[in-house]
Amino acid sequence: MRRRLKAIAPYIYTLPAAALVLGVLMYAWGQSFILSFTQYRPMMGIGPKFTGIQNYVTLLNQPLFRKAIWVSFVFTGISVLLECVFGMLIALLLMQVTRGLAFIRTSLLIPLMIAPALAGLIWKLFFNAEFGFLNYFLGLFGVPGQLWLSSEALVLPSIILVDIWRETPFVAIFMYAGLQALPNDPFEAARIDGATAWQAWRYITIPLLRPLLGIVVLFRVIFALRVFDTAFVLAREGGPGQNAMVLGMYLYERTYKTFDLGLASAVSFIILALTLVFGAVFITFIYREVEF
């Protein structure tokens, strides 16, 4: 009995703090969920008045909201894909480094240590059409400068570029740790059997890394779907043609410009639903049984 109590004692000690945190979160989520079914504009003295699913119907009928979903999907798909590719390449290069490895690994973390809003401000200077570094660099090769943040075609790719610069080290560090933890026996057996480097990579490395890669992709997709800071700094109000109107920015517009808290709550729960659906499908796919 004493041994059993000793085993559960740490959980008992943390139970009050966990209950407090969970209670605060559940209260906030519950209030927001209730508000999503109401018309509530406190700055105009309206509501809260129960309207059922009207907020959700209104959102689905709004072209700008549908565009925000599409922009968020494009942003998430391209940025996460390229971050995984570049992160894996960097991890493979780190496996070949023998000198200065500690300095390189520390340097990789610098973009992650910069706050998203500050990263947006830094890159806003780089994107400046008159004195920005990118246009200066293009000018060295005789390429005319671009209106990076003032062009409907370039505003979203510019934000994706910043996200890739900031988040690729996150993927690289995890992949590097995963590569270091791989067992040597399967690779030695593959070399004895005459397998090429590509075959070893495809049939051994990727399957072994798939659970870790799945976790990394899941985290990146969750945060990419909720991106706001960097996009807001680089492209206020969605940029030209609102081509950079991600869901986080749309939520901000509904909350702090129109003060429609009922509609904003509905937006937040749609974002949550999209995240949960993707997470469930993705985890089911990643953690299915692997056949070697």
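The values are calculated or read from the model by the stated rules, or taken from the named source; none is laboratory data. All values derive from a computational prediction rather than experimental measurement. All Cβ positions, even for glycine, are placed from backbone atoms using ideal geometry, and neighbour counts span all protein chains on display.
Results, tabulated for the structure shown:
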| item | result |
| --- | --- |
| Contacts under 9 angstrom Cβ, first residue in the range 171-192 being in contact (Cβ under 8 Å) with a residue 24 or more places away in the chain, partner crowded, with 20+ Cβ neighbours inside 10 Å and of a type in the set (Lys, Arg), 6 or more apart | Val171/Arg220 |
| Test: residue in the range 199-207 that is surrounded by fewer than 18 Cβ atoms within 10 Å (Cβ to Cβ), farther than 24 Å from Leu89 by Cα, more than 16 Å from the chain's Cα centre (by Cα) and hydrophobic (A, V, I, L, M, F, W, C) | no |
| Meets criteria (farther than 22 Å from Leu112 by Cβ and either surrounded by fewer than 16 Cβ atoms within 10 Å (Cβ to Cβ) or not basic (Lys, Arg) (or both)) for Leu234 | no |
| Residue within the range 249-259 that is over 26 Å from Thr76 (Cβ atoms) and surrounded by 13 or more Cβ atoms within 10 Å (Cβ to Cβ) present | yes |
| Residue within the range 147-162 that is over 26 Å from the mean Cα position of the chain (by Cα) and closer than 23 Å to Phe86 by Cβ present | no |
| Contacts under 7 angstrom Cβ, first residue in the range 214-230 being closer than 17 Å to Met249 by Cβ and at pLDDT 90 or above, partner not polar (S, T, N, Q) and not in a helix (DSSP H, G or I), 6 or more apart | Val227/Val246 |
| Residue within the range 82-92 that is surrounded by fewer than 15 Cβ atoms within 10 Å (Cβ to Cβ) and modelled with pLDDT of 90 or more present | yes |
| Identity of the residue in the range 269-292, more than 16 Å from the chain's Cα centre (by Cα) and at pLDDT 85 or above, that ends up farthest from Val71 (Cα to Cα) | Phe269 |
| Residue list for the range 30-48, restricted to those being more than 16 Å from Thr258 (Cβ to Cβ) and loosely packed, with under 14 Cβ neighbours inside 10 Å | Gly30, Gln31 |
| Helices (runs of 4 or more DSSP H) contained entirely in the range 24-140, each with at least 3 residues that are β-branched (Val, Ile, Thr) and in contact (Cβ under 8 Å) with a residue 40 or more places away in the chain | 63-96 |
| Candidate set: the range 215-245, residues that are among the hydrophobic types (A, V, I, L, M, F, W, C) and touching a Lys or Arg at 6+ places or on another chain (Cβ under 9 Å); chosen: the one farthest from Leu82 (Cα to Cα) | Val233 |
| Helices (runs of 4 or more DSSP H) contained entirely in the range 151-269, each with at least 2 residues that are among the small types (Gly, Ala, Ser) and on the phi < 0 side of the Ramachandran plot | 155-181, 185-192, 197-200, 206-225 |
